[in-house]
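Please read the structure below before turning to the comments.
Bear in mind these aren't lab numbers, they're just calculated from the coordinates by the rules spelled out. Since the model is a prediction, treat every value here as computed from it, not as a measurement. Every residue, glycine among them, receives a Cβ derived from its backbone with ideal geometry; neighbour counts consider all protein chains shown.
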Amino acid sequence: MDNGLKPIVEANILFVRHSQQISHVEIALNRNDVTDKLKDFICKTLLNNAAYPLAVDEPLISGGLIDSFSLAQIGVFAEDTFKVYIPDNDLTVANMDTLDQMVNRIMAG
């Protein structure tokens with residue numbers, strides 16, 4: 001930016017400092033980044049197997065890979081990493097059984 005503004009990127013929020021005033025602009029989430037980061041979290045943290053070849057349509061809970069209590073961890077991860085709050089009533093097997101479903105929910109904001 002050559003208008004005197006200095007961008008500061010933190011997580012998914014762009015903060016722009018102009019003199020003493022700071023404003024922020026939400027940056028759209030990138031679907032591939034969300035997929036990669038969420039897959040990495042699931043494989044490393046929940047499955048304890050970073051090399052697991054998780055497919056986007058593989059049923060995680062109904063397939064027995066993780067239990068439904070793991071959805072709370074995924075909700076916290078989504079909020080911490082992507083600044084997207086997922087209400088408890090959305091953290092269900094019906095809504096979040098696959099990586100693709102989880103990414104769709106995060107992308108919806």
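Working from Cα pairs under 8 Å separated by at least six residues, relative contact order for segment 31-108 is 36 percent. In this structure the amide hydrogen of I61, modeled in the peptide plane, comes within under 5 Å of the amide hydrogens of I66, none closer than 5 places in sequence on its chain.
3J(HN,Hα) along segment 78-86, derived from phi through the Karplus expression 6.51 cos²θ - 1.76 cosθ + 1.60 where θ = phi - 60°, amounts to 4, 5, 5, 8, 10, 6, 10, 8, 10 Hz, with x in place of Gly and Pro. Per-peptide packing, taken as the mean over residues of other Cβ atoms within 10 Å, places 40-50, 99-109 in the sequence 99-109, 40-50 from highest down.
Rounded to the nearest Hz, the phi-derived 3J(HN,Hα) couplings of segment 52-64 under the Karplus curve 6.51 cos²θ - 1.76 cosθ + 1.60 (θ = phi - 60°) are 4, x, 5, 8, 5, 9, 6, x, 7, 8, 5, x, x, where x marks glycine and proline. If you take all other residues with their beta carbon under 10 Å from the beta carbon of F82, and give Lys and Arg +1 and Asp and Glu -1, the sum is -1. Couplings for segment 88-94, taken from phi via the Karplus curve 6.51 cos²θ - 1.76 cosθ + 1.60 with θ = phi - 60°, read 3, 5, 8, 7, 10, 4, 4 Hz in order; Gly and Pro are left as x. Neighbours of A55 by Cβ distance under 14 Å: Lys/Arg scored +1, Asp/Glu scored -1, total -4. Counting charges near L71 (Lys, Arg +1; Asp, Glu -1) among other residues having Cβ under 11 Å from its Cβ returns a value of -3.
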